[in-house]
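The values are calculated or read from the model by the stated rules, or taken from the named source; none is laboratory data. Treat the numbers as computed from the prediction; the structure is a model and nothing was measured. Every residue, glycine as well, gets a Cβ built from its backbone with ideal geometry; the counts of neighbours run over all protein chains shown.
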Amino acid sequence: MNFKILIKTPLWDAFSDLGRRIFLPEGIFYWSGRAKKEAELNATIGSAYGYERDFIEGGTEEWLPCYLDAIKPYSNLKIDSLVPYASIGGVQAIREIWKKWIIKKSLYDILNEKDKLGLLEKYTTTPIVTQGVTNGIFLCCSLFLSPSEYIISPNKRWGNYDNIINKFLGANIKSFEFFVNQEINLQGMKDVILDVAKYQEKIIIILNFPNNPTGYTPKRAEIEKIVNTLKESQKQIKKPIIVLVDDAYEPYVYNEGEISRSLFYDLIEVQEDVIPIKLDGITKELLIYGGRVGFATFGLKPAWVNNDEELEVLKEELNNKLEGITRSTISNTNHFYQALTVQIFQDKGMDDIVKERDKVRRLLKSRYKKINEELSSLELPDISIDPNSGGFFLFINLNPNKIKASEFADHLLKKYKIGVIPIEKLNDNINGIRIAYASIDLEKISEFVTRIRQALKDF
Ligand SMILES: Cc1ncc(COP(=O)(O)O)c(C=O)c1O
């Protein structure tokens, strides 16, 4: 493919060596696509097909992908949705539904915010399906980070970022202290942006709200501050800033009366080259963790193209790059769960899905309130709790001079039969425990906190 529009955009400047090199060659897909339309006898597809009667007892005359009768009792989805490969970029129907879902999640009001809706619809790519959010993170990090380059992230982050970026890609993470005085440390974020811009022609940053491990979720005013900091930084450094918006826990926000939504929506409105990429998925959003269906969606800028035709070409070129990486890593994502998701959206509709999920959100919110109330009554000098109002977790900081997080977690487990995740990265100024209250029953929370209090007294 000739990337004639993409090459003129700041995305190209921000690509890694792999990002520039990778593409999806026409190969098999070109020929099988043509054969579907033009051939009488099509021998391009690398999957077994036959008349159902020839491989299933009592089968029909239908020409189908060959399958084992043994799988039939477990799903009433059509065999065509179960057995064949999904397209590399994902089942087209789910890609289109998810784009509509993203638009719905923007919370834009059709009557009052038509312009913003139009902008979102037009300049957002059709999501590419990834193997869960993890694979979306991997995909984007590979696209933008060459070995030894830097990505920026708060010091408290999902540990798997380090695996992907450091250990797998050989790139580096430049951390900033997440909170100062219980607020997001935007000066710290800006300082590292300016610092990395001294030796890199692009800034890549990954942000995750509601956050793992802290549960931090920015309020409306904080979102504006984050956006302004990114805008100001971009104006100052005059280099593209790519923001990977990890929205794994997007719907789980518990602020009273706060309308909260992904940072993606505010960033797509920014005219400067602050370029958001939304990474989300059915895993937590629809509570189908093992379904492993995620999405990567790019926010493009109107200034990059001269007309609608160029915009469509740009989207195709970008899609080709992403499919190039998908083809050479996972090839494609589980067809069954994509089909199942399509089915849910078609049968239930988005509003009913949100309504059903709201029962879970309310359940988690009651635990969130309870555990925060209980913990705040502890009033112990050697601990502090990071600001939290969403997601599945909260984080208790421990005084490193008194208690090492891993020793504390070990003690909690051995003596009090309490399981938590210790995070002890003293160089990054972190020593504490992550509590996944999403998995503790409301009734058990008091007991849980009592045991933590007792354990703290042992040190
Ligand atoms: C912040 C964050 N991002 C991404 C993921 C991965 O999500 P998925 O299961 O969709 O790969 C997790 C899972 O724990 C997470 O905590």
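Please enumerate the residues belonging to the stretch 293-328 that are of a type in the set (Ser, Thr, Tyr) and over 18 Å from the mean Cα position of the chain (by Cα).
Passing the criteria: only SER328.
Checking PRO218 against (1) modelled with pLDDT of 95 or more; (2) surrounded by 20 or more Cβ atoms within 10 Å (Cβ to Cβ), which test does it fail?
Failed condition: (1).
From LEU169, LEU139, which residue is more than 16 Å from the ligand (Cβ to nearest atom) and at pLDDT 95 or above?
Going through LEU169, LEU139 in turn, just one is more than 16 Å from the ligand (Cβ to nearest atom) and at pLDDT 95 or above: LEU169.
Having 1 or more residues that are within 16 Å of the ligand (Cβ to nearest atom) and modelled with pLDDT of 95 or more is the bar; report the strands (runs of 3 or more DSSP E) wholly within the stretch 321-432 that clear it.
Filter on the stretch 321-432 gives 394-398, 421-425.
Restricting to the stretch 41-55, name every residue that is part of a loop (DSSP other than H, G, I, E, B), surrounded by 11 or more Cβ atoms within 10 Å (Cβ to Cβ) and touching a Phe, Trp or Tyr at 6+ places or on another chain (Cβ under 8 Å).
Result: THR44, single match.
Which residue out of ILE268, ILE282 is touching a residue at least 24 places away in the same chain (Cβ under 8 Å), under 13 Å from the mean Cα position of the chain (by Cα) and either farther than 30 Å from LYS355 by Cα or crowded, with 22+ Cβ neighbours inside 10 Å (or both)?
Just one listed residue meets the conditions, ILE282.
Among the residues of the stretch 142-160, is any assigned to a helix (DSSP H, G or I), of a type in the set (Ser, Thr, Tyr) and touching a residue at least 12 places away in the same chain (Cβ under 8 Å)?
yes
Condition check ((1) more than 16 Å from the ligand (Cβ to nearest atom); (2) of a type in the set (Asp, Glu)) across all residues:
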position	(1), (2)
SER106	yes, no
PRO127	no, no
LEU145	yes, no
SER153	no, no
GLU177	yes, yes
TYR199	yes, no
LYS202	yes, no
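Just to be sure, is GLY89 touching a helix residue (DSSP H, G or I) at 6+ places or on another chain (Cβ under 7 Å), among the small types (Gly, Ala, Ser) and either over 18 Å from ASN320 (Cβ atoms) or not in a helix (DSSP H, G or I) (or both)?
Here the answer is yes, as GLY89 does meet what is asked.
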